[in-house]
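Accompanying notes for the structure given below.
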Amino acid sequence: MPGIWKIKEKSCWFVGTLHVLKNEDCVLLNNLKDIINKVEILSLEDKDFLVAGQNIGLYGKEKSILSELSFEAIGLLKNRCYDLGINFYQIENLRPWKAVFYLLFTYYNFIGYSINNGVDKYLLNVFQRKGMSIDSLENSEQTLLVFENIPLNYQEKFLLDSLSSIDEMKTDIENIYNAWKLGDGSFIEKFICNQ
């Protein structure tokens, strides 16, 4: 069972979440129903995480990712698109940092995970159906604007580092996923501290 903590003498719970999960985890998430029925407000990391910043990280007509990156970065990006079955034209108008996010979420889907199965999405759907209050701890659009203002050379480094190590990510993702299912907070804490 994923980690769930209750503040003593208050009806306030903290639930350890993962943004992406597998289809079969719906059964596991149903275990949260008892808690959901006891609370009045849901506070997510960001309730608009699936729709925030749709227009952030895009090039206008005068530029494309091809005109901004080195040959090395373009070559790696095209190879990764090919590996994941992505038509390169789907990402040509994305800035490097946003292209990385696009490929990473495509990779999650490729290995069996989806943001549509994540804890955040599940809780959001349940509370919206009930017409209950939903709040945010942060604003994804503001966070994305931070990425937008990163200098191009750092965006390229982020792209090169991320796409070069994408194959190694599967083990990390599986380890975090298994620790989450077991409620093994100590493993996740160690993993985060070692990054």
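The values are calculated or read from the model by the stated rules, or taken from the named source; none is laboratory data. Treat the numbers as computed from the prediction; the structure is a model and nothing was measured. Quick reminder, even Gly has a Cβ in these numbers, built from the backbone with ideal geometry, and neighbours come from all protein chains shown. For the accessible areas, the whole protein counts, side chains as well, though only heavy atoms, and no ligand, DNA or RNA atoms are used. Shrake-Rupley method; radii C 1.70, N 1.55, O 1.52, S 1.80 Å.
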message: Of everything in the range 151-195, what is part of a helix (DSSP H, G or I), of a type in the set (Gly, Ala, Ser) and within 21 Å of Leu28 (Cβ to Cβ)? Give them in sequence order.
response: Ala179, Gly185, Ser186
message: If I filter the range 72-89 for residues that are in contact with a Ser or Thr (Cβ under 8 Å, 6 or more places away or on another chain), under 29 Å from Gly183 (Cα atoms) and outside any helix (DSSP H, G or I), do I get at least one hit?
response: no
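For (1) in contact with a helix residue (DSSP H, G or I) (Cβ under 6 Å, 6 or more places away or on another chain); (2) modelled with pLDDT under 90; (3) more than 15 Å from Thr17 (Cα to Cα), each residue gets a yes or a no:
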{"site": "Thr106", "(1), (2), (3)": "no, no, yes"}
{"site": "Ile111", "(1), (2), (3)": "yes, no, yes"}
{"site": "Ser114", "(1), (2), (3)": "no, no, no"}
{"site": "Ser136", "(1), (2), (3)": "no, yes, no"}
{"site": "Ser140", "(1), (2), (3)": "no, yes, yes"}
{"site": "Asn149", "(1), (2), (3)": "no, no, yes"}
{"site": "Tyr154", "(1), (2), (3)": "no, no, yes"}
{"site": "Leu159", "(1), (2), (3)": "yes, no, yes"}
{"site": "Asn175", "(1), (2), (3)": "no, no, no"}
message: Contact list please: Cβ distance under 6 Å, first residue in the range 114-141 and closer than 26 Å to Ile56 by Cβ and acidic (Asp, Glu), second residue part of a helix (DSSP H, G or I) and at pLDDT 90 or above, pairs at least six apart or on different chains.
response: none
task: Pull up the range 157-178, narrow it to residues that are hydroxyl-bearing (Ser, Thr, Tyr) and touching a residue at least 40 places away in the same chain (Cβ under 8 Å), then point me to the one that is most open to solvent (accessible area, probe 1.4 Å).
output: Ser164
query: In the range 102-150, how many residues are open to solvent by 50 Å² or more (accessible area, probe 1.4 Å), part of a strand (DSSP E or B) and among the small types (Gly, Ala, Ser)?
result: 1
message: Given (1) without any contact (Cβ under 8 Å) to a residue 60 or more places away in the chain; (2) open to solvent by 50 Å² or more (accessible area, probe 1.4 Å), identify the lone condition not met by Leu84.
response: (2)
query: For residues in the range 1-35 being of a type in the set (D, E, K, R) and either over 23 Å from the mean Cα position of the chain (by Cα) or open to solvent by 80 Å² or more (accessible area, probe 1.4 Å) (or both), which is nearest to Gly112 (Cα to Cα)?
result: Glu24
field: Answer residue from the range 101-147, given it is aliphatic (A, V, I, L, M) and touching an Asp or Glu at 6+ places or on another chain (Cβ under 9 Å) and is nearest to Val15 (Cα to Cα) among those
entry: Val119
message: For Ile188, only one of the following conditions fails: (1) over 24 Å from Phe110 (Cβ atoms); (2) in contact with a helix residue (DSSP H, G or I) (Cβ under 6 Å, 6 or more places away or on another chain); (3) not aromatic (Phe, Trp, Tyr). What is its number?
response: (1)
- prompt: Does the range 45-75 hold any residues that are open to solvent by 40 Å² or more (accessible area, probe 1.4 Å), under 19 Å from Lys157 (Cβ atoms) and among the aliphatic types (A, V, I, L, M), and which are they?
  reply: Leu66
- line: So, first residue part of a loop (DSSP other than H, G, I, E, B) in the range 12-38, second residue at pLDDT below 85 and open to solvent by 70 Å² or more (accessible area, probe 1.4 Å), Cβ within less than 6 Å, six or more apart or across chains; the pairs are Lys38/Ser11
query: Residue check: is Ser70 modelled with pLDDT of 90 or more and among the polar types (S, T, N, Q)?
result: yes
